[in-house]
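Undergrad: Questions regarding the structure given below will be posed in turn.
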Amino acid sequence: MPSRTHTSPLPVVLCLLAMQLFCGALANAGALEVTLVDKAGKPVADAVVEIVSPVVPLPANVPLTASMDQIDKEFVNPLLLVVVGTRVSFPNKDNIHHHVYSFSEAKTFELPLWTGNNTKSVLLDKPGVVVVGCNVHDWMQGHIYVAATQRMAKSDARGKLLIPNLPAGGYAFRIWHARLKASDISKLHNVVIEDRGNTAYPATLELGRDRRIRRAPSGLARDY
Amino acid sequence: MRKQALLIVFFLAPALQAAPGAWEAGLAATVAYDDNLPRAVDAANDFGDLATDLEAQLERVTALQPGRWLRVGGSLQGKAHRDTRGLDHLGIGAQIGLTQKFGLGALAPRVSLQLESNRLQFRNVLRDGWLHRARLGIDRRTSLPWQFGGHVAREWRRGDGRRADVVNPAFGTAVFDQNNVELGAYAQYEFSGGARLRTSCRYRDGQTDSSARPGGVLRNVAQAITRDSAIGQGYVVYRVAVRTLGCAADVDLPLTDDTSMGLGVERLESNARAGVRYERNLLRLQITHRF
Ligand SMILES: [Cu+2]
C-alpha cells in the first residue's frame, strides 16, 4: 500500500514516543517545596535538602566542575552544592595570598593560593560536607555540600527551596545546615509527592549559635 | 642602630614589593586618661591628664612559605595631652616581624618575633630620644571563643640628653636612658556576636622616670636626676629602678568588618627600693580601623 507521505515513519514514531514520555513525565511529576524557619519563626537561608531515597543514578550531563572564589578576603559563594565526583577549584581573585584548607572527613586538603595561581583543584569523591577555611584569614569559612544525588537544593533568603521533576510517590530526605545538630542532620524526613504541583513541607530548625571568628581587627594598644 | 634599621627597610621594600604579599594599613585613635601622669609617689605631686593618640601603620606582609609571614612596615604616631602639653609628642617607627603558624586552621598556635625602632620627638625636647623594642609572642586559640597568649619583650630607651640640667652633682642626668624587660599573658573570650573580653597582666622589670617636686623620697632611690620643665614648674624627674605589675581588662566590639571599638582599664603598681612605690590607673577608649 502506497504511503500518503514521503516521510519515513521511524522518526515520526520516535518523536511521538518522546513527546509521550515527556508529557507523561510532566503529567506524573511534582516538586518538593520545603520552607524552613528557625525557632523564632525567621526564615532559614543556606540550608540544604537532599533526597536520599529512592536513589537515582546521576545523569550523564551533570556538571562535574565547580569553583569557590575568594574576593575581598571572603569566600564569594560560601555554600556550594556539588555532586560526588566534582572537581572544585578555588580561584583567588584577591591581590593577596590565601591558603585554603579542609580537615573534613569528606575531604582533607590544603591549597596555598598565591595570586594568579588558580589552576589547582580538588576532587570531591565522597559525599558529605567539606568545611573550608583559610589559614591566613581565620574568619573566612565556606561549606561544600557533596551530595550523592542530583536531587538537592539550598534554601534562599525566604527559607524556601524547590526540588522539581519528582515522579509521584514516597521520598525520604535529609536537611543540613551549618548550625544544625548532628542528630537533626541525620534525621530522615518522609514525604509523599503528588503527581502535579508542589508538595509543601514546612519545617522548623533548631539552630545553634552562629560561632565564627570575627573579622574586625583588635586594638593596637601601646603605652610608651 | 637607627641608621641600620632605616637601611634595612629601604633595601627590603623593593624586594618585598616583588614577592607575593600584600600591603596592610591600620589606623588607631585612642583617648586615654592616666590618673598619675608624673608617676609620682605621693599625692602632693600626682595629677591626672587626658590624652588623645593617633597612630597609623603601614606594613608589607609577605608569605615566605605557607604559614610563615614576614612583616616590614612603618608607623606614625601623635599624642596630645589636654593640659600637660610638654608631653605631647610625635613618633615615627620602623618594624620588622616574623610570624610562624604551627599547623593549619584557627586553632593552630602562632609565634611572632618583632623588632621595632621608634624616634620620639616631644614638644618639650627633654624626653626626645629613641625607643627600641624586641618582642617574642605566642598566641593560641584553644576553641572558637577562647584564646590565650603571652609575650616577653625587651625595651631600650635612649634619650638625647638635650636640655638636661644638673640638679644634684652627685647624679647623672641621663634619666631617659632606660632598659626594661616585660613578661605578659592574656586570656580572651570572644562572644558569638564578635565582642571580645580580654584580661591581661604584665610584669616589667627595669627603669622608669618619675617626676616630683624636689625633697621627696625619690631622691633616695634615684639613678639619675634632671629638671623636668615638661611636667610642670619646679618639677624634677628621677630615673628609678622599678618592678611593675599591671593588670588590665578590655572589651572590644566590632563596629564593621574592618573597624572595632575598645574600652579598657589597667591598674599598674610599681615598686622601687626602700619601700618607694606608686600606682597608676589607666582608662582608654580606642577605635581601630584596618584598610
Ligand atoms: Cu584568606
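The values are calculated or read from the model by the stated rules, or taken from the named source; none is laboratory data. In this text the structure is predicted, and so the values were computed from the model without any measurement. As a convention, Cβ positions derive from the backbone with ideal geometry for all residues, glycine included, and neighbour counts pool all protein chains shown. Remember, those area values only see protein heavy atoms, side chains included, never the ligands or the DNA or RNA. Shrake-Rupley method; radii C 1.70, N 1.55, O 1.52, S 1.80 Å.
Undergrad: Conditions first: (1) at pLDDT 95 or above; (2) buried (at least 18 other Cβ atoms within 10 Å of the Cβ). Residue A:87 passes all but one, so which condition is the exception?
TA: (2)
Undergrad: So is residue B:50 surrounded by fewer than 18 Cβ atoms within 10 Å (Cβ to Cβ), more than 10 Å from chain A (Cβ to nearest Cβ), over 17 Å from residue B:23 (Cβ atoms) and within 21 Å of the chain's Cα centre (by Cα) or not? Talk me through it step by step, then tell me what you get.
TA: Numbers: surrounded by fewer than 18 Cβ atoms within 10 Å (Cβ to Cβ): yes; more than 10 Å from chain A (Cβ to nearest Cβ): yes; over 17 Å from residue B:23 (Cβ atoms): yes; within 21 Å of the chain's Cα centre (by Cα): yes.
Criteria met by residue B:50.
Undergrad: Out of the residues in segment A:74-84 that are assigned to a strand (DSSP E or B) and within 16 Å of the ligand (Cβ to nearest atom), which is most open to solvent (accessible area, probe 1.4 Å)?
TA: So the first thing to find is which residues in segment A:74-84 are assigned to a strand (DSSP E or B), and the list is A:74-75, A:79-83.
With within 16 Å of the ligand (Cβ to nearest atom) added as a condition, the list becomes A:74-75.
On the way: A:74: 62, A:75: 13 Å².
The residue in question is A:74.
Undergrad: Inspect segment B:109-117 for any residue being within 14 Å of another protein chain (Cβ to nearest Cβ), touching a Phe, Trp or Tyr at 6+ places or on another chain (Cβ under 8 Å) and not in a strand (DSSP E or B) and give the result as yes or no.
TA: The answer is yes; a qualifying residue exists.
Undergrad: Further question: If a residue must be of a type in the set (D, E, K, R), more than 30 Å from residue B:174 (Cα to Cα) and within 17 Å of the chain's Cα centre (by Cα), how many such residues does segment B:241-261 contain? Steps first, please.
TA: The initial filter retains those residues of segment B:241-261 that are of a type in the set (D, E, K, R), namely B:243, B:250, B:252, B:257-258.
Then keep just the ones that are more than 30 Å from residue B:174 (Cα to Cα); that gives B:250, B:252, B:257-258.
Retained after the next criterion (residues that are within 17 Å of the chain's Cα centre (by Cα)): B:250.
Matching residues across segment B:241-261 total 1.
Undergrad: Next question, about the same structure. Output the qualifying pairs, or none if there are none: Cβ atoms under 9 angstrom, residues six or more apart or on different chains, first residue in segment A:125-137 and within 11 Å of chain B (Cβ to nearest Cβ) and open to solvent by 40 Å² or more (accessible area, probe 1.4 Å), second residue away from the ligand (no atom under 16 Å from the Cβ) and polar (S, T, N, Q).
TA: Between residues of segment A:125-137 that are within 11 Å of chain B (Cβ to nearest Cβ) and open to solvent by 40 Å² or more (accessible area, probe 1.4 Å) and residues that are away from the ligand (no atom under 16 Å from the Cβ) and polar (S, T, N, Q), the close pairs are A:131/A:104.
Undergrad: How many residues, within segment B:233-256, are open to solvent by less than 20 Å² (accessible area, probe 1.4 Å) and assigned to a loop (DSSP other than H, G, I, E, B)?
TA: Qualifying residue count, segment B:233-256: 1.
Undergrad: Counting only residues that are touching an Asp or Glu at 6+ places or on another chain (Cβ under 7 Å), at the interface with chain A (Cβ under 9 Å from one of its Cβ atoms) and open to solvent by 40 Å² or more (accessible area, probe 1.4 Å), how many does segment B:262-291 have?
TA: 2
For (1) over 15 Å from the mean Cα position of the chain (by Cα); (2) within 16 Å of the ligand (Cβ to nearest atom); (3) closer than 19 Å to residue A:82 by Cα, each residue gets a yes or a no:
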{"site": "A:127", "(1), (2), (3)": "no, no, yes"}
{"site": "A:130", "(1), (2), (3)": "no, no, yes"}
{"site": "A:135", "(1), (2), (3)": "yes, yes, no"}
{"site": "A:138", "(1), (2), (3)": "yes, yes, no"}
{"site": "A:142", "(1), (2), (3)": "no, yes, yes"}
{"site": "A:147", "(1), (2), (3)": "no, no, yes"}
{"site": "A:151", "(1), (2), (3)": "no, no, yes"}
{"site": "A:158", "(1), (2), (3)": "yes, no, no"}
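Undergrad: Is there any pair linking a residue in segment A:95-108 that is in the same structural domain as residue A:136 (by TED's automatic domain parsing) to one that is near the ligand (Cβ under 7 Å from one of its atoms) and open to solvent by 30 Å² or more (accessible area, probe 1.4 Å), with Cβ under 9 Å and at least six apart or on different chains, and which?
TA: Sorted first by the residue in segment A:95-108, then by its partner, the pairs are A:96/A:73; A:96/A:136; A:97/A:136; A:98/A:73; A:98/A:136; A:99/A:136.
Undergrad: Please state which of the following conditions residue A:209 fails to meet, knowing it meets all the rest: (1) touching a residue at least 40 places away in the same chain (Cβ under 8 Å); (2) within 14 Å of chain B (Cβ to nearest Cβ).
TA: Evaluating residue A:209 over (1) touching a residue at least 40 places away in the same chain (Cβ under 8 Å); (2) within 14 Å of chain B (Cβ to nearest Cβ) leaves (1) as the failure.
Undergrad: Which condition breaks for residue B:98 when tested against (1) surrounded by 18 or more Cβ atoms within 10 Å (Cβ to Cβ); (2) part of a strand (DSSP E or B); (3) over 13 Å from the mean Cα position of the chain (by Cα); (4) more than 10 Å from chain A (Cβ to nearest Cβ)?
TA: Here residue B:98 meets the rest and fails (1).
Undergrad: Could you list, in sequence order, all residues of segment A:45-73 that are surrounded by fewer than 18 Cβ atoms within 10 Å (Cβ to Cβ) and either within 16 Å of the ligand (Cβ to nearest atom) or at positive phi (or both)?
TA: A:67, A:69, A:71, A:72, A:73
Undergrad: Return yes when residue B:222 is touching a residue at least 12 places away in the same chain (Cβ under 8 Å) and either open to solvent by 40 Å² or more (accessible area, probe 1.4 Å) or farther than 30 Å from residue B:145 by Cα (or both) and no when it is not.
TA: Values: touching a residue at least 12 places away in the same chain (Cβ under 8 Å): yes; either open to solvent by 40 Å² or more (accessible area, probe 1.4 Å) or farther than 30 Å from residue B:145 by Cα (or both): yes.
It is true that residue B:222 is touching a residue at least 12 places away in the same chain (Cβ under 8 Å) and either open to solvent by 40 Å² or more (accessible area, probe 1.4 Å) or farther than 30 Å from residue B:145 by Cα (or both).
Undergrad: Looking only at residues that are in contact (Cβ under 8 Å) with a residue 60 or more places away in the chain and not in a strand (DSSP E or B) in segment B:173-189, which one is surrounded by the most Cβ atoms within 10 Å (Cβ to Cβ)? Before you say what the answer is, go through the steps one by one.
TA: Narrowing segment B:173-189 to residues in contact (Cβ under 8 Å) with a residue 60 or more places away in the chain: B:174-178.
Narrowing the set further to residues that are not in a strand (DSSP E or B) leaves B:174-177.
Working: B:174: 17, B:175: 28, B:176: 25, B:177: 17.
Per the stated criteria, the residue is B:175.
Undergrad: In segment A:94-110, which residue that is outside any loop (DSSP other than H, G, I, E, B) and more than 11 Å from the ligand (Cβ to nearest atom) is least open to solvent (accessible area, probe 1.4 Å)? Walk me through it before giving the result.
TA: In the first step, residues of segment A:94-110 are kept if they are outside any loop (DSSP other than H, G, I, E, B); the result is A:98-102, A:109-110.
Cutting the leftovers down to more than 11 Å from the ligand (Cβ to nearest atom) gives us A:102, A:109-110.
Numbers: A:102: 1, A:109: 23, A:110: 95 Å².
That would be A:102.
Undergrad: Note down all Cβ pairs under 7 Å where the first residue falls in segment A:68-81 and is without any contact (Cβ under 8 Å) to a residue 60 or more places away in the chain and within 14 Å of another protein chain (Cβ to nearest Cβ), the second is within 15 Å of the ligand (Cβ to nearest atom) and open to solvent by 50 Å² or more (accessible area, probe 1.4 Å), and they're at least six residues apart or on different chains.
TA: Cβ pairs passing all conditions: A:71/A:93.
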